[in-house]
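Everything below concerns the one structure shown next.
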Amino acid sequence: MSAAAERDQTVLAERVRLEIERTIRRGIKGVEYLGSPAAVVGQTPKEVIHKQGTLNLYHYMPMSDEIYRVPILIVMATSNRGYILDLAPGQSFVEFLLKSGYDVYMIDWSTPSPDEKRLRFEDYTLRFIPECARRVRERSGEGELSVLGYCMGGVLSTIYVALRGAQDGVKNLVCFTTPIDFRGMTLFRKWSDQRFFDVDRLVDATGNVPSELIFSGFDMLRPASRIASQIQLWDNMWNDEFVKSYRRFERWGNDTLPLAGEYFRQTVKELIWKNALYEGTLELEGRRVDLGNITVPMLHALAEHDHIVPYEAAGPLIERVGSGDKQQIVLKGGHVSIAAGPNASKRLWPRLDAWLGGRSV
């Protein structure tokens, strides 16, 4: 046998040995994975400064000696828990903001009680958020605040700022992946097609809409993604850091919340069927929601590969607001990875800090 052939055999044997070793480790780690407790998330120190039913208002403990004057109020989507922005030390958007010198508050949501099935847009945008804004101003001692809304939390934030921003001292508005033109929410529109989807019967029968229905709706957007992610997990089971990160995101994805029945009914009828927010025909307590009334500085961040809120749905927001100081950025990533995870820390977070810092003094 030639020397070259011997080297090839040696290389092949080493590859086989490494693959066998990796397979054994993967199997051991797989058993550990199945028996291990849920991933720990949301570790940044905070306190609850206000609670009202499904609403929780957090204040995070400062991590910088010098704090920007204008505090930040983060508004999460009612279907998801806020710890996606605080997954783990070093992978936490909240931690990044605190270390950058911001005073951070968050509106997070828990499962609505049966009595809260009657909650509507009016409750979230004209009562919940204004009360939280009042408490933020009171706690911080400042008369102004920045509002940051993620996904449907961005929808609630735009409605709130359009109707009450001036009187509540809103200085800046930031939105992540916020849908406005619901014609662009193609798959959501298909599964809630007015010809076949009886939203009144669903809400009247269930009260609050079960989280399983919301979770299934997201899954239908990419039917094969769960299987693909599980295959990827198995391929990387030997990699402890990959598994830790996977478990954090998996916990958040599985922690989808039920939606208040009337809020869901409004979302389907007013936003998806009528596209009322985009068209300027949405009315709450006799007041028309005109996005042109938003005149504060605004930043909107979109994800290039967002399968939940495509560009066609989110892109028109910046055109609709009346701000003279407004900017839209489109970054690589998906609906979640644009805001959370290692890529977000390199792309979105520094861009937001650069934009918001000078507007928070």
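The values are calculated or read from the model by the stated rules, or taken from the named source; none is laboratory data. From a predicted model like this one, the values you see are computed outputs, not experimental measurements. Quick reminder, even Gly has a Cβ in these numbers, built from the backbone with ideal geometry, and neighbours come from all protein chains shown.
Filtered by the rule that a residue be buried (at least 17 other Cβ atoms within 10 Å of the Cβ), closer than 26 Å to Gly261 by Cβ and touching a Pro at 6+ places or on another chain (Cβ under 8 Å), the range 39-61 gives a lone residue, Thr54.
Does the range 109-126 contain any residue that is in contact with a Cys (Cβ under 6 Å, 6 or more places away or on another chain), assigned to a helix (DSSP H, G or I) and at pLDDT 95 or above?
Step one: filter the range 109-126 for residues in contact with a Cys (Cβ under 6 Å, 6 or more places away or on another chain), giving none.
No.
With a requirement of 2 or more residues that are farther than 29 Å from Pro210 by Cβ and more than 20 Å from the chain's Cα centre (by Cα), the helices (runs of 4 or more DSSP H) lying completely within the range 249-361 that satisfy it span 317-320, 348-357.
Specify which of the listed residues (Trp252, Trp234) is at pLDDT below 95 and more than 25 Å from Phe128 (Cβ to Cβ).
Details: Trp252 fails: more than 25 Å from Phe128 (Cβ to Cβ).
From the options Trp252, Trp234, the qualifying one is Trp234.
If you scan the range 168-181, which residues turn out to be closer than 19 Å to Glu283 by Cβ and surrounded by fewer than 23 Cβ atoms within 10 Å (Cβ to Cβ)?
So in the range 168-181, the residues closer than 19 Å to Glu283 by Cβ come out as 180-181.
Across the range 168-181, the qualifying residue is only Asp181.
The set of residues in the range 73-108 that are out of contact with any Leu (no Cβ under 8 Å at 6 or more places or on another chain) and in a helix (DSSP H, G or I) comprises Gly82, Tyr83, Ile84, Leu85, Glu95, Phe96, Leu97, Leu98, Lys99.
Taken as a whole, the range 338-346 holds no residue that is over 15 Å from Ile180 (Cα atoms) and touching a Pro at 6+ places or on another chain (Cβ under 7 Å). Every condition in (1) buried (at least 20 other Cβ atoms within 10 Å of the Cβ); (2) small (Gly, Ala, Ser); (3) modelled with pLDDT of 95 or more holds for Gly357 except the one numbered (1).
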